[in-house]
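For reference, the structure discussed in these notes is given below.
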Amino acid sequence: MSPLNMDRPTAEPAENCPLCPRLVAFRHENKAAHPDWFNGAVPSFGDDKAELLIVGLAPGMQGANKTGRPFTGDYAGDLLYETMAEHGFSKGSYGAHPDDGLVLVNAMITNAVRCVPPQNKPIGAEATACRPFLTARLAAMPNLKAVLCLGKIAHDNVLKALGLRLAAHPFAHAAMHRPANIEFTIYDSYHCSRYNTNTGRLTSEMFSHVFSLIRRDLGE
Ligand code: URA
């Protein structure tokens, strides 16, 4: 698949996706400094027959960018995978490594932007360039019932990927959006980043509460 074939984008960009010049330059820097790291567009993790899709922001430098699996190896992943296990969305133990044997249950995890950005901050053009993959990711999940957006950037990108107006569906922690003509519910949570948990913006209870809402909708 060519990542440049935007007429029919697939749900997963090539590992060496060339679309964003700044991210490609950063990838080359990271490859030079850490040749043993993954350093590529991080593929989604989980089963595309799942009912739940979790959308993060972008790979963390020392997490997904290093290990090649979303949220794997960084602080945000510790809370995300612990909470998923608590609500029955995974089997096995999370070991912060892609070979830990962890299996997601009825869930998939992806990122709005698939390559690690400098300072963890993708620019608008990068989110726009990556959005066709998110649109295709959503379209390639026939059983989708719930999309959990981690943070406002993920929320905005999911809405744009679906052609929805942002003003009609404002981001708020634990908000649920059921837009007309969309077959699934969109849930919002503050991002499970170290910054948000250290500042108390997001507690583990608040995060778990959002998963309870999803679990209630999906059933056991
Ligand atoms: N790791 C990811 O893969 N995504 C995030 O949003 C944060 C950390």
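The values are calculated or read from the model by the stated rules, or taken from the named source; none is laboratory data. All values reported here derive from a predicted model rather than from experimental measurement. Note that each Cβ is placed from the backbone with ideal geometry, even for glycine, and that neighbours are counted across all protein chains shown. The accessibility values were calculated without ligands, DNA or RNA, using every heavy atom of the protein model including side chains. Shrake-Rupley method; radii C 1.70, N 1.55, O 1.52, S 1.80 Å.
Among the helices (runs of 4 or more DSSP H) confined to segment 1-109, the ones with at least 2 residues that are in contact (Cβ under 8 Å) with a residue 60 or more places away in the chain are located at 21-33, 75-86. With respect to L166, determine if the residue is closer than 23 Å to R114 by Cβ and aliphatic (A, V, I, L, M). Spelling it out, L166 is indeed closer than 23 Å to R114 by Cβ and aliphatic (A, V, I, L, M).
Assess whether N65 counts as being more than 10 Å from the ligand (Cβ to nearest atom), closer than 20 Å to K121 by Cβ and polar (S, T, N, Q). Spelling it out, it is not the case that N65 is more than 10 Å from the ligand (Cβ to nearest atom), closer than 20 Å to K121 by Cβ and polar (S, T, N, Q).
When residues in segment 92-116 are screened for being closer than 21 Å to E205 by Cα and open to solvent by 40 Å² or more (accessible area, probe 1.4 Å), 2 of them pass. Would you mention how many residues in segment 36-50 are surrounded by 20 or more Cβ atoms within 10 Å (Cβ to Cβ), more than 11 Å from the chain's Cα centre (by Cα) and either under 16 Å from L148 (Cβ atoms) or of a type outside the set (A, V, I, L, M, F, W, C) (or both)? Within segment 36-50, residues that are surrounded by 20 or more Cβ atoms within 10 Å (Cβ to Cβ), more than 11 Å from the chain's Cα centre (by Cα) and either under 16 Å from L148 (Cβ atoms) or of a type outside the set (A, V, I, L, M, F, W, C) (or both) number 4.
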